[in-house]
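The values are calculated or read from the model by the stated rules, or taken from the named source; none is laboratory data. Treat the numbers as computed from the prediction; the structure is a model and nothing was measured. Here the Cβ positions follow ideal geometry from the backbone for every residue, glycine too, while neighbour counts run over all protein chains shown.
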Amino acid sequence: MQPSQMHQPPANRWAAFAVLLTASFMNVMDVTIVNVAMPTLKTDFDASPNKIEWVVAVYVFVFALLLLPCGRLGDILGRRKMFVWGVALFTLASGLCGVAWSVDSLIGARVLQGVGAAMMSPQAMALIPALFAPNERGSAFSFFALAAGLASVSGPIIGGLLIGGNLFGLDWRPIFLVNVPVGLITIMLAIRLVPDVAGDRKIGIDGVGILLAGFALFSALVPLVEAPGIGWQTWMWFFVIASPISAVSFAKWEHRQASLGRPQLIPVTLMKKKSFISGGILVGLLFSGVPGFFLVMALYLQEGFGLSPLWSGLTVTPFSVGILLTSPVSKRLGNRYLRERVVAGSLTLAAAHVALHFVVLAEQGTYSWIGFAPILFCAGFGLGSTTGPLFQIALSGASGTDTGSASGASRAIQQVGSAFGIAILGGIFFGTLGNTPDAGMSAYTAAMIASLYYTISVFLILAASAFFLRIKADPYSEDAAHAPVTE
C-alpha cells in the first residue's frame, strides 16, 4: 500500500475491524471459557491431573511458540490470507474439540486450535494500518484491549451457561462448538470486507530458531506437567538436560543469523537490551501466576464446594471487571510512573491473594459469593494496573525499528509464562490434593492454599524486582498499554 493510500482508509473500515475483533474475542474467550469446564472434563473422561493440565497448557504453549513466526508469515504470504487460514483452522479445530472422544484427542485438537489462534491473532493487529488513518489507530488498538477484557468477563459466564444448559445433551461440548458458526461467518465476512494486503515472499523466516526455541520450552514444560501426576521418571532427565542445551543453541543460532544478515526469531539487537530482557522476564513471571490460578480456582470451587460451572464462572467474574476498570486509568497515565505502577499493582495482587488465603481458610464447607467478590475485584484491578506499564518497560529500550518485534516477543513471553504457570500451579494443586478420588473439602482447601503460596510469592518477587529496575521511558512504548492483558 502506498503512503498516500494510508491516509485514505476504506469506507467499510469499521465493519472490517469488527471482523478482526471477533477473531480476537474468540481467541481470548477460548482460554477463559475452558477453565470452568475442567472439572466436568476430568469427570467425563476420567482424566488424570496431568492430562487436564495439558488441555489448558498446550493451547497457550503452541500459541506462544508460533505467535512470532506466524506474524512473519503474514508479512510473506499476505495478512488477509493468513488471517482467513488461521480462522479456518481455529474453526475446524474447535469442531474437533467438540466431538473429541477421549482426553488425548481433545489435547490434539487443542494443539490445532493454538496453531489457528497464532495464525490469526498477529494479523488482526497488523491490519490496522491498512484500515485506519494514523489519527484513528490509537482508538482501534484500545478496542483490542476492550475486546480482550470483555472476553475474559464473558468467557466463564458463557461457559457456565453452556455447560449448565446441557444443550442437546452435549454437556461441555458446546463451549467449543459455538466457535464453528461464528468462525464460518467471520471467514465469509473477512474475504468480503478485509483489505487484501500483499505479502513479500522475499522476506525470510527463521525455521531453525523456531525449532530450537520450541524444543527448549517444551523440554522444560514436560517434567513440570507430568511429574506431579505420575511421579518422577528416568526418561524425564532427557528433557531436563535437553532444555538448557537447546536454549543455549538457540541463542548461538540467533547470533549466527544476525552476523550473516539473516532473519531471526527474536532479533539479537533486542536480546542485548537489558530493559527488554528484564521486562520480559517480569512479564513471564507475572503471567505465571494468573491463568494457572483460574484453573485451580475452578477445580476448587466446583469439586470442593460442588458449585455448578455457571456459579464458578460468576464467582471469578469480578476479577475481569477489575481489569476492565483499569483501562481508562492506564490510558490517562500513558508512560508516566511506570515503576511505581508495577510495584503498586503487584503489591495489590499479592495483598488480594493473601486475603483470599484467609477467606479459603474461613469458608471450609460454606460458600459465600460476597466473600470472594471484593478480593477478586481488587486482584483484577492489580493485574490491570501492572500489565500495561510492565509491557511498556519491556519496550522502553526498543528503537523504532525494533518496536514491532519487541511487542510481539513480549506477548509471546506472556503466553510462555502462562503455560509454565498452568503447569506449576496445576502440579502444586494436584500434588497437595493427592490421588484420593473422594477427597473432602479440607483436602481442596489445603490444595488451594498451597497454590496461593506460589502466587503470593510471585507477585511479591515481581514488586521487589520492579522497584530496582532502571527504566527509560520511550514514546514508542505507548501502544503497550493497550496490550490484551488476559490472553
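Observations
- When the stretch 256-277 is limited to residues that are assigned to a helix (DSSP H, G or I) and exposed (fewer than 13 other Cβ atoms within 10 Å of the Cβ), the one that is nearest to the chain's Cα centre (by Cα) turns out to be Lys274.
- Residue match in the stretch 65-72 (condition: on the phi > 0 side of the Ramachandran plot and in contact (Cβ under 8 Å) with a residue 12 or more places away in the chain): no
- Residues located in the stretch 233-252, provided they are among the hydrophobic types (A, V, I, L, M, F, W, C) and either surrounded by 12 or more Cβ atoms within 10 Å (Cβ to Cβ) or under 27 Å from Lys272 (Cβ atoms) (or both): Met236, Phe238, Phe239, Val240, Ala242, Ile245, Ala247, Val248, Phe250, Ala251
- Cβ pairs under 7 Å, 6+ apart, first in the stretch 108-127 and of a type in the set (D, E, K, R), second surrounded by fewer than 24 Cβ atoms within 10 Å (Cβ to Cβ): Arg110/Val58
- Scanning the stretch 191-220 for residues that are surrounded by fewer than 20 Cβ atoms within 10 Å (Cβ to Cβ), charged (D, E, K, R) and touching a residue at least 60 places away in the same chain (Cβ under 8 Å) yields a count of 3.
- Qualifying residues in the stretch 445-487 (those that are modelled with pLDDT of 90 or more and aromatic (Phe, Trp, Tyr)) - the one farthest from the chain's Cα centre (by Cα): Tyr453
- Sole residue being basic (Lys, Arg) and under 21 Å from Leu307 (Cα atoms), chosen from Lys51, Lys81, Lys42: Lys42
- Residue check, Asp30 at pLDDT below 90, among the acidic types (Asp, Glu) and surrounded by fewer than 22 Cβ atoms within 10 Å (Cβ to Cβ): no
- Residue within the stretch 248-255 that is over 30 Å from Ala15 (Cβ atoms), among the aliphatic types (A, V, I, L, M), under 27 Å from the mean Cα position of the chain (by Cα) and not in a loop (DSSP other than H, G, I, E, B) present: yes
The rows are residues; the columns are (1) closer than 28 Å to Trp85 by Cβ; (2) out of contact with any Gly (no Cβ under 7 Å at 6 or more places or on another chain); (3) among the aromatic types (Phe, Trp, Tyr).
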position	(1), (2), (3)
Leu177	yes, no, no
Ile185	yes, yes, no
Phe215	yes, yes, yes
Ser243	no, yes, no
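One line per residue, one yes/no per condition, for (1) touching a Phe, Trp or Tyr at 6+ places or on another chain (Cβ under 7 Å); (2) without any contact (Cβ under 8 Å) to a residue 12 or more places away in the chain; (3) more than 23 Å from Gly214 (Cβ to Cβ):
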site	(1), (2), (3)
Val268	no, no, no
Ser275	no, no, yes
Ser278	no, no, yes
Pro291	no, no, no
Val296	yes, no, yes
Leu307	yes, no, yes
Leu310	no, no, yes
Thr317	no, no, yes
Val321	yes, no, yes
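- Subset of the stretch 326-346 [assigned to a loop (DSSP other than H, G, I, E, B) and either at pLDDT 75 or above or among the polar types (S, T, N, Q) (or both)]: Thr326, Asn335, Arg336, Tyr337
- Among the residues examined, Ala298 qualifies as part of a helix (DSSP H, G or I), aliphatic (A, V, I, L, M), out of contact with any His (no Cβ under 7 Å at 6 or more places or on another chain) and surrounded by 24 or more Cβ atoms within 10 Å (Cβ to Cβ).
- Against the list (1) under 19 Å from Phe468 (Cα atoms); (2) charged (D, E, K, R); (3) surrounded by fewer than 20 Cβ atoms within 10 Å (Cβ to Cβ), the condition Arg341 fails is (3).
- Listed by first and then second residue, the pairs with beta-carbon distance under 7 Å, at least 6 apart or on different chains, first residue in the stretch 135-164 and within 19 Å of Arg411 (Cα to Cα), second at pLDDT 70 or above and outside any helix (DSSP H, G or I), are Ala140/Phe132.
- Every listed requirement among (1) in contact (Cβ under 8 Å) with a residue 60 or more places away in the chain; (2) of a type in the set (A, V, I, L, M); (3) surrounded by fewer than 24 Cβ atoms within 10 Å (Cβ to Cβ) is met by Ala47 save one, (1).
- Any chance Ser142 is outside the structural domain of Glu226 (by TED's automatic domain parsing), among the polar types (S, T, N, Q), modelled with pLDDT under 85 and touching a helix residue (DSSP H, G or I) at 6+ places or on another chain (Cβ under 9 Å): yes
- Count of the stretch 229-244 residues which are touching a residue at least 24 places away in the same chain (Cβ under 8 Å) and either on the phi > 0 side of the Ramachandran plot or out of contact with any Pro (no Cβ under 7 Å at 6 or more places or on another chain) (or both): 4
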